[in-house]
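All remarks here apply to the structure that follows.
The values are calculated or read from the model by the stated rules, or taken from the named source; none is laboratory data. Note that the structure is a prediction, hence the values are computed from the model and not measured. Please note: Cβ atoms are built from the backbone with ideal geometry, for glycine as well, and neighbour counts cover all protein chains shown.
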Amino acid sequence: MPEDTLATRPPHNLTVIVPTLMEEEAIGPVLDELLQNGYRNIIVVDGGSTDKTREIAISKGVNVCIQPGKGKADALRYGISIANTELVAVMDGDYTYPAQELQKLYQKALQGYDLVIGSRVPDPGAQPAAFKIGNKILTTFFNILFGTHLSDVLSGMYIVRKEALSNALFEMKGFSVESEIAAHIATTTGKIAEVPIRYRKRIGKKKLGKTAGIRIALDMLRLAWRYNPLLLITGTAALLLVPGLAIAAWVGYRYLFHGISHFVWGIIAIVLTAVGFIALLLAMLTVYLKHMEHRIIRTIQTLKEQTAHTPTRPE
């Protein structure tokens, strides 16, 4: 018999939120898996399905509610707001995420992380090559903007500490909500971890369109402007290095091989290169200061926790 601990049994301080929209084919198996693995605190937040999604979810005995607003972001905003537990798990209702994987994320969350993301390891044929490439590009873009080292920022299965989102604005729409949650945690506490999880072929029709990646990338830029504008400004200015060095190479080539001097273009090249180089240094300094901020915040939180658990001596 394994030891019965919070790390091995389905947790009671965890609410599982399942956002749905037209998932009548998948929602039954999804909820069956959760219930079979001992999860009882489940909220299905439906986005106005006109099929039998809600009826099937209600038949499973879980909490079902209709979200205010429209889209996945509004569904999660509402679900997190009504959850009454310290930790909140989010998983899509399309059967791609096995309920068994939640235990891995929960055990990691017990180590003090505010956000634990399930990094997807797809089954053969579960994820088209175009989506794999797009996800890799978007995650890399997010890492550059926020100084993180994630491998799957857009995963639809994660556990977040509700208190860590108490001052989150939830401004993004649709599937950008995952990147907004990650951006908020990354720029406030910095306590983010990842756990590899299995990813299966979905049941039903995929909802992500061909232009979803572009919208998510633009939303990431908006998040960077809100959470770390200095890095966005200096990082953008650092791009001046590219035309500066290109013009400098052209001026040098014309002078060395053709004996033609371009003084004006040479001055332009020097200015662009100098401004770009200084901006690059400032961007690097901004990232360093952000990491220092995270360390200071973690130290303060640790001291608060130690103080809270230190018994006071009677006078």
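When you check Leu239 against the structure, is it closer than 19 Å to Glu180 by Cα, surrounded by fewer than 17 Cβ atoms within 10 Å (Cβ to Cβ) and touching a helix residue (DSSP H, G or I) at 6+ places or on another chain (Cβ under 9 Å), yes or no?
Against the criterion (closer than 19 Å to Glu180 by Cα, surrounded by fewer than 17 Cβ atoms within 10 Å (Cβ to Cβ) and touching a helix residue (DSSP H, G or I) at 6+ places or on another chain (Cβ under 9 Å)), Leu239 does not qualify.
Return yes or no: is Arg222 over 27 Å from Val121 (Cα atoms), touching a residue at least 12 places away in the same chain (Cβ under 8 Å) and in the same structural domain as Ala26 (by TED's automatic domain parsing)?
Yes: the conditions hold for Arg222.
Cβ contacts < 7 Å: first residue without any contact (Cβ under 8 Å) to a residue 40 or more places away in the chain, restricted to the stretch 253-271; second residue among the aromatic types (Phe, Trp, Tyr) and assigned to a helix (DSSP H, G or I), any location; separation 6+ or different chain. Result?
Note: pairs meeting the criteria are Ser261/Tyr255.
Within the set of pairs 6+ apart or on separate chains, which have a first residue in the stretch 133-146 that is in the same structural domain as Ile214 (by TED's automatic domain parsing) and farther than 19 Å from His184 by Cα, a second that is of a type in the set (Gly, Ala, Ser) and in a helix (DSSP H, G or I), and C-beta atoms under 8 Å apart?
Gly134/Gly213; Ile137/Gly213
Looking at (1) touching a strand residue (DSSP E or B) at 6+ places or on another chain (Cβ under 9 Å); (2) within 18 Å of Met157 (Cβ to Cβ), which is the only condition Pro29 fails?
(1)
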